[in-house]
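Before any comments, here is the structure.
The values are calculated or read from the model by the stated rules, or taken from the named source; none is laboratory data. These numbers come from a predicted model, not from an experiment. Here the Cβ positions follow ideal geometry from the backbone for every residue, glycine too, while neighbour counts run over all protein chains shown.
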Amino acid sequence: MLKIDPYQNNAEQYDKWFEKNPDVYDAELRAVRSLLPPISRGCIEIGVGTGRFAAPLGIKIGIEPSESMRKISQKRGIKVLGGVAEKLPLKDSAVEVVLMVTVICFVSDIDKTFKESFRVLSEGGNIVVAMIDRNSPMGQIYLTRKHNSLFYKQAIFYSVDEVIKIMRQTGFDDFEFRQTVFHNISEINENEIIRTGYGEGLFAVIRGKKNDSEANG
């Protein structure tokens, strides 16, 4: 992961953001849930943070490099392993679903991150990636303001098209998309909609499927 100090040192502040912005949190949860497949043999959230997504989504295992974030997540009933997205402490084909929520903007190597996710997924398994879409109207605003943000200062924002390209090269296909958060966060209410596609909403969700025959190694 790319410099976790802001999260390690400000885990409580990060966690309280969700309480201060419940309608944004709810919209993001609904968007992720709409693409998350049924969890049978196992699902893991990479960069589980404080468990704000894993817990309500029924995900029991997470990977998180920040010790202070792990402690909060564990209080929410998540079994959290220390580790980074580029080197997962899991065996090959260990899970059926991998979830990452606003994680790829912080990893040090996005290609390795997706290759590791591909490795730990069973054949036909699904990956769900929730991200800040740089090419959305609000994403452009976030891009100009990120240097003033405690948590996003060192983030690398990607467009959905850039991420899809990397995912395809890794071996993922059969993509589906959802998007939400179409306004400034202060303007979001409980009626914030979830749409298919991408490019308009700040919060984009991509679901892809592992296909070994497509992998480029």
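Before moving on, here are some points about what is shown:
- Breaking point among (1) over 23 Å from Tyr198 (Cβ atoms); (2) out of contact with any helix residue (DSSP H, G or I) (no Cβ under 9 Å at 6 or more places or on another chain), for Gln154: (2)
- Filter pass, Ser108 being in contact with a helix residue (DSSP H, G or I) (Cβ under 9 Å, 6 or more places away or on another chain), within 23 Å of Arg168 (Cβ to Cβ) and of a type in the set (Gly, Ala, Ser): no
- Against the conditions (1) touching a Phe, Trp or Tyr at 6+ places or on another chain (Cβ under 9 Å); (2) free of Cβ contacts under 8 Å to residues at least 24 places away in the same chain, Ile110 satisfies every one except (2).
- Residue under evaluation Asp111, criteria (1) part of a helix (DSSP H, G or I); (2) modelled with pLDDT under 95; (3) not small (Gly, Ala, Ser), criterion not met: (2)
- Residue check for Lys165: more than 15 Å from the chain's Cα centre (by Cα), at negative phi and part of a loop (DSSP other than H, G, I, E, B): no
- Members of the range 38-65 that are buried (at least 24 other Cβ atoms within 10 Å of the Cβ) and farther than 16 Å from Val129 by Cβ: Thr50, Gly51, Glu64
- Residues in the range 168-187 that are buried (at least 21 other Cβ atoms within 10 Å of the Cβ) and either of a type in the set (A, V, I, L, M) or at pLDDT below 95 (or both): Val181 only.
- Residue in the range 121-140 that is modelled with pLDDT under 95, under 23 Å from Pro65 (Cα atoms), of a type in the set (A, V, I, L, M) and under 19 Å from the mean Cα position of the chain (by Cα) present: no
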